[in-house]
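Working notes, beginning with the structure itself.
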Amino acid sequence: MMMTTKNANPFTSAPDPSEARWYAVHTRFKCEKYVQRLLEKQGVTAYVPLQQFTRRYLRKIKTVEKPLISCYVFVKISGQQYKQVLETEHVLDFVKTGRQITAIPEKEIQVLRRITLEKDLDIQITPREFQSGDWVEIAAGNLIGLQGRVVQSTGKQQLLVDLETLGYTLQITLDAALLCKIHRAL
């Protein structure tokens, strides 16, 4: 996943900018269902694949729904709705390859819908591995928003964070699930 600035409209490579297509939107951590509701109130078709879990507590059993893919909401929009989606609260950016947002084929969205309808499936989503040198941003916790470069790729990622203003470099070991790959212009 790569992200760039929110200013430029990356729909230039789409065959027909007035045609509605599916795109992935990157959201703040644990804001997927909220963003979906906000987008739907604005008339935008939004979808968050949810997985149901049964939690057993001391005095009760509760069924909860969690997003299948953390920090993602899928939207079906045309080029005219691009800015409207970006201006929605807790939306960080569209998921991009280079500078172009990538349309998601309808059949992949249908696969996600079919997978989430199955109640007895144990689904594990594994993000792609980070490579040494990848630029990443921390998506959750006290260090949210901190950007840096991956130094070593292991089960947990070692992240090199350059504090340019202070003239220091920090090396932090983090769970890879907290990291999102970003595009950083040099």
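Each value in this text was obtained by applying a stated rule to the coordinates, not by laboratory testing. Everything numeric in this text was worked out from a predicted model, so none of it was measured. Positions of Cβ are generated from backbone atoms using ideal geometry, with glycine treated the same way; all protein chains shown enter the neighbour counts.
Just a few scattered comments:
- Ordered by the number of other Cβ atoms lying within 10 Å of each residue's own Cβ, fewest first, 130, 94, 53, 29 fall into the sequence 53, 29, 130, 94.
- Least to most buried among 34, 82, 57, 23 (fewest other Cβ within 10 Å first): 57, 34, 82, 23
- Formal net charge of residues neighbouring residue 107 (Cβ-Cβ distance under 14 Å; K, R +1; D, E -1): +2
- Violating pairs (Cα-Cα greater than 23 angstrom) within the set 30/62; 33/96; 30/107: 30/107
- Amide H contacts for residue 182 (H built 1.01 Å from N in the peptide plane; partners 5 or more residues away or on another chain; cut-off under 5 Å): 135, 136, 137.
- Geometric descriptor of the range 14-123, per residue, is 120 Å³ (volume of the convex hull of the Cα atoms).
- For residue 30, the amide hydrogen comes within under 5 Å of the amide hydrogens of 71, counting only partners 5 or more places away or on other chains and with H modelled in the peptide plane.
- Take each peptide in 110-118, 143-151, count the other Cβ atoms within 10 Å of every residue, and average; sorted highest first, the result is 143-151, 110-118.
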